[in-house]
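Working notes, beginning with the structure itself.
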Amino acid sequence: MKRGHQVTIFLVPYDNPNDSSKEEVLEGVRIVNVQVGRVSSLSQAPVLVRRLCNAVERYSADVVHAFKPKGYAGAACSLLSMKGFRSLVLDCDDWEGWGGWNDVKAYPWIVKEYIDRQEKWLIRRVPVVTAASRVLERRAVELRASSNGVFYIPNCGASRKTDMAAGSAPSATRDGAKKSFGLPDGAAIFYGGHFDPADDIMFFCRTAEHAARRVGATIVFVGDGPQLSDVKDFFARREGVIVRFFPRLPYEQFLQLVAASDVAAFPFPDTPIYRAKCSARIVDYMSMGKAIVTTAIGQNSDYIVDGVSGILAPPGDEANFGRELEKLLQDPQLRARLGQNAKERVETMFSWGGAAVDNCLAAYRQLCGS
């Protein structure tokens with residue numbers, strides 16, 4: 001929008017029916033929610049895809065950028081393509097089909113097969129593909145047998161509104177955020193996520209337990225998911241480790257809790273899913289000036305310079321990850337240096353005012369021929 005373009009986002013609020021038919025403007029961007037029923041069901045899907053396509057076609061956009069090759073966006077992109085709509089850009093931010101999320105999701109086989117075929121078909125068919133990680137970029141090039149029309153656009157720093165909220169969070173911390181969240185005065189390790197089996201969260205639990213026990217730190221978990229009960233059971237059997245669990249929080253509270261913590265930890269398993277992943281969480285932590293320990297997998301190595309703007313541990317090495325975590329917990333000056341460098345790196349290398357927007361607009365220009 002700062003470059004003089006108009007932007008409208010079309011959504012199917014299947015998981016939030018109260019937003020059905022709702023329209024609003026946020027930071028200059030028009031948000032249009034198509035009409036959905038009060039109860040979501042699979043039988044509604046064809047109708048909702050059609051409504052989404054109709055809304056997009058009525059808008060008469062110069063470019064339609066579909067985010068994800070599955071779900072309602074992927075289905076609508078497929079339908080528009082089959083109808084001859086050529087001004088399509090497909091964004092890939094995950095490996096969705098076989099070899100990726102299909103391997104760990106509990107969908108019926110027929111649904112997984114549909115996801116895999118649609119993902120590959122769209123990547124090959126649409127004129128332009130944007131990829132959020134280098135692995136996804138290479139995969140798109142391989143599937144298309146050409147680099148033409150493939151653009152690398154990683155996740156970048158947050159919007160102006162989020163930046164303002166994040167900027168206010170540290171001052172709230174200085175005023176006693178730890179106390180307001182019931183956290184002890186010592187160092188705190190932050191982990192936020194979906195507690196999905198693909199995350200291998202027990203790797204983090206084992207490494208964080210040893211580091212927290214040795215240093216006397218608190219482990220802070222935020223989120224929910226299928227493995228949350230396993231995590232709680234793990235720590236219930238271990239005495240002497242301080243652990244706090246929080247559900248999903250309103251965004252400003254979430255940011256305050258991140259700011260109240262001393263280290264953000266997010267290890268990646270060495271799988272195709274995570275090699276292809278472009279973690280918005282990592283970027284958010286960097287934007288807030290947090291010292292981060294993660295794994296040298298995929299996109300993390302683009303975001304973080306090891307030892308300069310964060311710590312990249314070797315994949316699968318619990319002992320090493322634990323040592324790096326413990327080192328950060330014991331060294332406030334190192335935490336401050338890494339956090340400041342991380343924030344500056346996002347501002348200079350991964351901001352939406354820089355190369356990412358230039359690449360995105362280059363993709364649109366190739367599509368529009370101007």
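The values are calculated or read from the model by the stated rules, or taken from the named source; none is laboratory data. Computed from a predicted structure; not experimentally measured. Backbone-built Cβ (ideal geometry, glycine too); neighbour counts: all protein chains shown.
A few remarks follow.
- Residue within the range 282-293 that is aromatic (F, W, Y) and crowded, with 24+ Cβ neighbours inside 10 Å present: yes
- Selection of the range 213-272 for residues being among the small types (G, A, S), surrounded by 15 or more Cβ atoms within 10 Å (Cβ to Cβ) and in a helix (DSSP H, G or I) yields A259, A260.
- Every residue from the range 83-117 that is hydroxyl-bearing (S, T, Y), free of Cβ contacts under 8 Å to residues at least 40 places away in the same chain and assigned to a loop (DSSP other than H, G, I, E, B): Y107
- Wholly enclosed strands (runs of 3 or more DSSP E) of the range 1-82 bearing at least 3 residues at pLDDT 95 or above and closer than 25 Å to Y114 by Cα: 64-67
- Qualifying residue in the range 37-57 (condition: of a type outside the set (V, I, T) and closer than 26 Å to A356 by Cα): no
- V135 falls short of the stated requirement of being surrounded by fewer than 18 Cβ atoms within 10 Å (Cβ to Cβ) and either within 24 Å of the chain's Cα centre (by Cα) or not in a helix (DSSP H, G or I) (or both).
- Boolean, V215 is assigned by TED's automatic domain parsing to the domain that holds G176 and either in contact with a Gly (Cβ under 6 Å, 6 or more places away or on another chain) or hydroxyl-bearing (S, T, Y) (or both): no
- Among the residues of the range 335-357, those that are in contact with a helix residue (DSSP H, G or I) (Cβ under 6 Å, 6 or more places away or on another chain) and under 14 Å from V293 (Cβ atoms) comprise R335, A342.
- Pick from the range 190-212, criterion of a type in the set (F, W, Y), in contact with a helix residue (DSSP H, G or I) (Cβ under 7 Å, 6 or more places away or on another chain) and closer than 24 Å to M288 by Cα, ranking: surrounded by the fewest Cβ atoms within 10 Å (Cβ to Cβ): F195
- Residues (at pLDDT 95 or above and farther than 30 Å from E347 by Cα) located in the range 167-201: none
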